[in-house]
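Structure first, then comments.
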């Protein structure tokens, strides 16, 4: 008797979707709620403080954040290209794009670590001001998402890719869903960048 | 995207979206250096962010070609998201007024 979970590789007949696709979108919906709550906190703090500071007052660097934004945007592009490479059955091309995605994720985290170190070096801690409290909370949570996504993408690039030999479609679905998560992380940063650094 | 897709066409779209996102980011930063008044600067920056985000969701996350169930799911999430954003603000505004 087969113990395989149904609809992991083929779409369900009633919804036209695989279980994993429904699962990842449900997860992303919960992530919207998580970040939504923090964005609501930011708005309340900002509206309630007539002297809300600009990020530059705490040394937030627009050029550095600009570079980091470009890094994440490029990583989103390489992620979708990794997925289409698998659809084309081009494994070496997949490895190249997937590797670039992981590298971009790590570059983003490296730059963020540099930024954090600079803040701490100048004595800027979350306890200093509500701006810094919400800045570290939002960027810290986002950074954890980048770390998790980069680790899982690295897994799919390395040991996880063995699944290509046994269940090709299931592996492609995994890469697609990992990509959906990665693009969500990019999407969050697209809003964090102007909100924290520019406004 | 659970059905057969035209990979060539999608890869072309992905290149265009990449270009749009880079240009959008440059525009956001440029607008911030113009030192617009807050009443104008905030809506401009958020409008560019919403436009960029829409491209990511529609094309990179290929929502533009997704099944109906996903739209319903995200519609429900969007509804709760707006409740989450605005209910605390209404509470705050009444306490400020009082």
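Just so you know, all these numbers are worked out from the coordinates, no wet-lab data involved. No experiment lies behind these values; they were computed from the predicted model shown. Neighbour counts run over all protein chains shown; Cβ positions are idealised from the backbone, glycine included.
Suppose only helical runs count, i.e. DSSP H with n ≥ 4. What mean residue ellipticity at 222 nm does that imply for the protein assembly as shown under -39500 (n - 2.57) per run, divided by all residues and rounded to the nearest 500 deg cm²/dmol?
Rounded to the nearest 500, it is -26000 deg cm²/dmol.
Please state the relative contact order of region B:1-66 as a whole percent: Cα pairs under 8 Å, 6+ residues apart?
45
In what order do A:47, A:102, B:17 fall by count of nearby beta-carbon atoms within 10 Å, going from fewest to most?
Least to most surrounded, the residues fall as A:47, B:17, A:102.
Please state the relative contact order of chain A as a whole percent: Cα pairs under 8 Å, 6+ residues apart? Show your work: numbers first, answer last.
Values: 164 pairs, mean separation 61.2, N = 199.
Answer for chain A is 31 percent.
Determine the relative contact order of region A:104-198: mean sequence separation of Cα pairs under 8 Å and six or more apart, normalised by residue count, in whole percent.
Numbers: 40 pairs, mean separation 26.8, N = 95.
Answer for region A:104-198 is 28 percent.
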